[in-house]
Amino acid sequence: MIEYNQLVKMCSAFIEPKSIVSSERLLNGFSNDNFLIRTEQQGYLLKCYKSRWPSDGLEAQRFLSDLDICPAPIWLDKKNSRAVFDYIEGETAQSDITLSLVNKLAQVHSYSATTTPMDIAKELHLYQNTDVYTLYKSQIERALKAVTAMPFNAGFCHNDLVRDNIVVNASGMYLIDFEYGQTNDVYFDLAALCVSFNLDGQSEGELLDNYSKYSRAGGSFFKSVNKLDFFKLFFLILSIGWYEQRDITNHLIELRAQLNKLTLSMSF
C-alpha cells in the first residue's frame, strides 16, 4: 500500500505538492492501484500499473483525447510504471448506448496505429484450466472455427469496453482505461458493450446498424448477428475466466446467466 507521503512525492513530478487538497485510493479497479488526487482547480487520476506498461494504449489516449473521446495522459513515468491523467468527473454508464458513444467508438477503431492483432484463440487458451472453459469447450472450438471463415473487421480496439470504463457527465460519454488497447476485430468491443449493458436482441441489432453508419469501413463493414454472438461468447469466457482465476465473485452470477442463455440460443 502506498503511504500518503509517498503519494505526495510522486505527485510532485507533475503538480506543486502544496496545492493538493485531497487524495483517495479508488477501489473500482482490479488490475492496478488507482488514486484520485485533487487540487482546488481540478482532479488527477494516478495509475500505478501492476503488470505491463501499456505503451499502445497510452499513445492512443494521447491522440484520442484531442477528439474529446477520453482523458489525456499528462505525465508518464515508464520506469516505475506510473501515469497521470486528467480526471473526468461523472458517473458510470448505466443503460444507454447513445449515438455519440457509438460514434466515438468508431473513431477509436479508426485510429491509425497498427499493433500485433490480438489472438483470440491464444487468449482463450490461457483459461483452459478454468471451470468455465472446460464446461463450454466444444462451443468455444466451434465458434473459433466459424469466426475464421468470416471477414476480419480490423481496428484499434479498447478491449475492455465495459460500463465501468465509460464515464457519463453533462458533456457526454467518455472512454477510460485503454491499457488493453490493441488491434483486434472490432466485434470484440461491440460484444463487450452487448454483454456489459446486457442488451436484448433488438438493441443489439440497433447497435450493429448504428455502428455500420459511423464505421470508417462504411458499406464494407461485415454486419452479422451470428458473428456478434460468437464474440459475445469469447468475451464472456474471458471475463468469467479472469474472475475465476482471481477468486472474484461479484459479477459471476450475471455473467454466467448470460453465457448460459447465449449458448442455448446459438446456432453453428
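The values are calculated or read from the model by the stated rules, or taken from the named source; none is laboratory data. Worth saying up front: this structure is predicted, and the values here are computed from it rather than measured. Virtual Cβ from ideal backbone geometry, glycine too; neighbours counted across all protein chains shown.
Computed values, structure above
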| item | result |
| --- | --- |
| Subset of the range 132-163 [part of a helix (DSSP H, G or I) and surrounded by 14 or more Cβ atoms within 10 Å (Cβ to Cβ)] | V132, Y133, L135, Q139, I140, R142, A143, L144, A146, V147, R163 |
| Wholly within the range 164-268, strands (runs of 3 or more DSSP E) carrying at least 3 residues that are β-branched (V, I, T) and touching a residue at least 60 places away in the same chain (Cβ under 8 Å) | 166-169 |
| Subset of the range 63-80 [closer than 20 Å to D160 by Cα and either assigned by TED's automatic domain parsing to the domain that holds V167 or surrounded by 15 or more Cβ atoms within 10 Å (Cβ to Cβ) (or both)] | F63, L64, S65, I69, C70, P71, P73 |
| Selection count, the range 84-130, where residues are under 30 Å from S22 (Cα atoms), surrounded by 20 or more Cβ atoms within 10 Å (Cβ to Cβ) and among the small types (G, A, S) | 1 |
| Residues being closer than 16 Å to G172 by Cβ and small (G, A, S) - total across the range 89-115 | 5 |
| Y111 vs. criteria touching a Phe, Trp or Tyr at 6+ places or on another chain (Cβ under 8 Å), aromatic (F, W, Y) and outside any loop (DSSP other than H, G, I, E, B) | no |
| T183 being under 25 Å from D33 (Cα atoms), of a type in the set (V, I, T) and either assigned by TED's automatic domain parsing to the domain that holds A106 or crowded, with 16+ Cβ neighbours inside 10 Å (or both) | no |
| Identity of the residue in the range 227-268, of a type in the set (S, T, N, Q) and under 13 Å from Q139 (Cβ atoms), that ends up modelled with the lowest pLDDT | S267 |
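Every residue, every condition in (1) modelled with pLDDT of 85 or more; (2) farther than 23 Å from D164 by Cβ; (3) surrounded by fewer than 12 Cβ atoms within 10 Å (Cβ to Cβ); (4) basic (K, R), yes or no:
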| site | (1), (2), (3), (4) |
| --- | --- |
| I2 | no, no, no, no |
| Q6 | no, yes, yes, no |
| C11 | no, yes, no, no |
| F14 | no, yes, no, no |
| I20 | yes, yes, no, no |
| S23 | yes, no, no, no |
| N28 | no, no, yes, no |
| I37 | yes, no, no, no |
